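A.B. asks: Following this message is one structure expressed as structure tokens.
The values are calculated or read from the model by the stated rules, or taken from the named source; none is laboratory data. Predicted model only: the values in this text are computed from it and were never measured. Note that each Cβ is placed from the backbone with ideal geometry, even for glycine, and that neighbours are counted across all protein chains shown. Areas reflect the complete protein model, heavy atoms only, side chains present, ligands, DNA and RNA absent. Shrake-Rupley method; radii C 1.70, N 1.55, O 1.52, S 1.80 Å.
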Amino acid sequence: MDQSQAPVLEALAAFHANPLTVFTPPGHKQGRGADPRVVQALGADVFRSDVLATGGLDDRTDTRGILRHAQELMAEAVGADHTFFSTCGSSLSVKAAMLAVAGPHQQLLVGRDAHKSVIAGLILAGIRPVWVEPQWDTDLHLAHPPSAESVRAALREHPDARGALVTSPTPYGTCADLEAIAEACHAAGKPLIVDEAWGAHLPFHPRLPRWAMDAGADVCVTSVHKMGSGLEQSSVFHLQGDLVDRTALKQREDLLGTTSPSTLVYAALDGWRRQMVQHGRALYDHALDLADTVRERVQELDGLHVHGRDDFCSPGHAADLDPLQVIVDITDLGTTGYRAGDWLRSHHQLALHLCDHRRVSAQLTHADDTTTTDALLNGLRELTVIAPDLRPAPRVHLPSPERLRLEQALLPRDAFFGPTEQVPVEKAAGRTVAEMLTPYPPGIPAALPGERLNQDVLDYLRSGIEAGMLVPDSADPALDTIRVSVE
């Protein structure tokens, strides 16, 4: 196929060159009806290119197959059999993938380090999760993706499981041994879904970790807005092989997705694919070299340590690391990542990726250059000087991995939709939680519907909130009360 083509962008250009007089949505009619104050803030071109996909960009019956052509180009670019675009983010795409593999009361192996969108999929579908434990680094208080042996053991113990879902890379950039996990799944005749939301860039440079399709995954979900040039909410999911039915996958996406997809999101996805095919190698040559320089210079700053392969990649931990996720341990500064991140934003206008009890992180992409990285380095340099002003920092109660793991007492769906009550946090230990309690970012629930709470997890969350942690999905954000199942 001609990878220099960009069907959605070309159709938009044709629409602009020979505009229709539209009597369809969107109601602003290419911006003519938009409030001038909104146009001034957003730009006229946003409204001008906000065109109905079917009946606008293409005709009523999609005669030109514009979206289909763009998806086929994407599939060829990355080596997948089929590719689907989503304008509802990977939060939708991963649910579609799950529902294409398992249904109500069927079992699905799921890494317990899954994003809250996966848990939402379990709730909506009534899938019975078989949890596969992450690989815990107890010294760094960090979870890496599950091992292949853990997946293999879970498949032996649960032969009726319909497949497996793992997250790789994690928001911290650590990667699973996907090839070995795929081999374990396929030996049992089961498909592997990979939530690769943080890995849209991986197919486009050999110095990056191996991406899911190359490793043998059956379905791979990527968030192009995270590490690529897509607009927010842009997602792509890829399919290969015959263990997951293509029609079922498309129908699940259609069931969950919007009937009013954004042409703006489609156009950015289409253009990003062309950019990566034509220029991705050079762009990531530069980005990776820049990341190496940033890592070296941060490591030279007193009190800071940049995590690398030596910290994260070893037997029992991660298999690989995305070097574009610059994870900085600030333990020696005597403060928390929450306080450090807030200070860097308010004093240096730096919006960091992750802030936890002992780390901050900066996500680098092909868009960064020395201007952005110098701003980061300057901020971190001053942070090391003013760190005493950020003390004393509230301590976060950090349970052992064993105490973080909660018993699954009810199906997530049954707990979420069943009768509930709000109880004081002092009385919540031993009760079955009926909501997600998710430190965000990165968005991995510490407790999810159907799990039986213990005091350690409650102390972790309450002490985390006092230290600056956000738990935005709970009914009571302060966690003075917890929503639990009526027993």
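A.B. asks: Being among the small types (G, A, S) and assigned to a loop (DSSP other than H, G, I, E, B) is the filter; apply it to the range 42-64 and report the residue that is farthest from A268 (Cα to Cα).
C.D. replies: The residue in question is G55.
A.B. asks: Also, quick follow-up: Only residues that are open to solvent by 50 Å² or more (accessible area, probe 1.4 Å) and closer than 22 Å to L411 by Cα: list them for the range 117-157, please.
C.D. replies: L124, R128, E133, R156, E157
A.B. asks: Condition (residue is hydrophobic (A, V, I, L, M, F, W, C), crowded, with 19+ Cβ neighbours inside 10 Å and under 22 Å from Q275 (Cα atoms)) applied to the range 89-100: is it met by at least one residue?
C.D. replies: The answer is no; no qualifying residue exists.
A.B. asks: Can we say P412 is over 30 Å from E300 (Cα atoms), open to solvent by less than 40 Å² (accessible area, probe 1.4 Å) and touching a strand residue (DSSP E or B) at 6+ places or on another chain (Cβ under 8 Å)?
C.D. replies: yes
A.B. asks: A further question follows. Pick from G257, G271, G280: which is in contact with a His (Cβ under 7 Å, 6 or more places away or on another chain), small (G, A, S) and either at pLDDT below 95 or open to solvent by less than 50 Å² (accessible area, probe 1.4 Å) (or both)?
C.D. replies: G280 is the lone residue from the list that is in contact with a His (Cβ under 7 Å, 6 or more places away or on another chain), small (G, A, S) and either at pLDDT below 95 or open to solvent by less than 50 Å² (accessible area, probe 1.4 Å) (or both).
A.B. asks: So which residues in the range 43-84 are of a type outside the set (D, E), open to solvent by 20 Å² or more (accessible area, probe 1.4 Å), closer than 18 Å to F237 by Cβ and out of contact with any Ser or Thr (no Cβ under 9 Å at 6 or more places or on another chain), if there are any at all?
C.D. replies: Residues satisfying the conditions are R68, H69, G79, H82.
A.B. asks: Could I ask something else about it? Suppose we keep only residues that are open to solvent by 10 Å² or more (accessible area, probe 1.4 Å) and out of contact with any Pro (no Cβ under 9 Å at 6 or more places or on another chain) within the range 101-116. Which one would you say is nearest to T222 (Cα to Cα)?
C.D. replies: Here the answer is G103.
A.B. asks: Looking only at residues that are touching a helix residue (DSSP H, G or I) at 6+ places or on another chain (Cβ under 7 Å) and assigned to a loop (DSSP other than H, G, I, E, B) in the range 158-177, which one is most open to solvent (accessible area, probe 1.4 Å)?
C.D. replies: That would be R162.
A.B. asks: Right, something else. When residues of the range 263-280 are filtered for being closer than 21 Å to T54 by Cα and over 20 Å from the mean Cα position of the chain (by Cα), how many remain?
C.D. replies: Final tally of qualifying residues: 5.
A.B. asks: Determine which member of the set T365, T438, T373 is open to solvent by less than 30 Å² (accessible area, probe 1.4 Å), in contact with a helix residue (DSSP H, G or I) (Cβ under 6 Å, 6 or more places away or on another chain), farther than 30 Å from A282 by Cβ and polar (S, T, N, Q).
C.D. replies: T438
A.B. asks: P26: in contact with an Asp or Glu (Cβ under 7 Å, 6 or more places away or on another chain) and in a loop (DSSP other than H, G, I, E, B), yes or no?
C.D. replies: Spelling it out, P26 is indeed in contact with an Asp or Glu (Cβ under 7 Å, 6 or more places away or on another chain) and in a loop (DSSP other than H, G, I, E, B).
A.B. asks: Under 6 Å between Cβ atoms, which residue pairs at least 6 apart in sequence (or on different chains) link something in the range 377-390 that is modelled with pLDDT of 95 or more with a partner that is open to solvent by 70 Å² or more (accessible area, probe 1.4 Å)?
C.D. replies: If the second residue must be open to solvent by 70 Å² or more (accessible area, probe 1.4 Å), the pairs left are L377/R297; T384/D302; L390/R339.
A.B. asks: Does the range 283-310 hold any residues that are of a type in the set (A, V, I, L, M), open to solvent by 20 Å² or more (accessible area, probe 1.4 Å) and farther than 16 Å from M227 by Cβ, and which are they?
C.D. replies: L301, the sole residue that qualifies.
A.B. asks: Further, regarding this structure: Can you list residue pairs whose Cβ atoms sit under 7 Å apart, with the first residue in the range 311-338 being farther than 12 Å from L140 by Cβ and open to solvent by 10 Å² or more (accessible area, probe 1.4 Å) and the second being in a helix (DSSP H, G or I) and of a type in the set (K, R)? Count only pairs 6 or more apart in sequence or on different chains.
C.D. replies: L321/R309
A.B. asks: Determine which member of the set V22, V8 is touching a Gly at 6+ places or on another chain (Cβ under 9 Å), β-branched (V, I, T), open to solvent by less than 40 Å² (accessible area, probe 1.4 Å) and within 22 Å of F237 (Cβ to Cβ).
C.D. replies: Being touching a Gly at 6+ places or on another chain (Cβ under 9 Å), β-branched (V, I, T), open to solvent by less than 40 Å² (accessible area, probe 1.4 Å) and within 22 Å of F237 (Cβ to Cβ) holds for just one of V22, V8, which is V8.
A.B. asks: If a residue must be of a type outside the set (V, I, T) and open to solvent by less than 50 Å² (accessible area, probe 1.4 Å), how many such residues does the range 382-399 contain?
C.D. replies: Adding up the residues that qualify gives 6.
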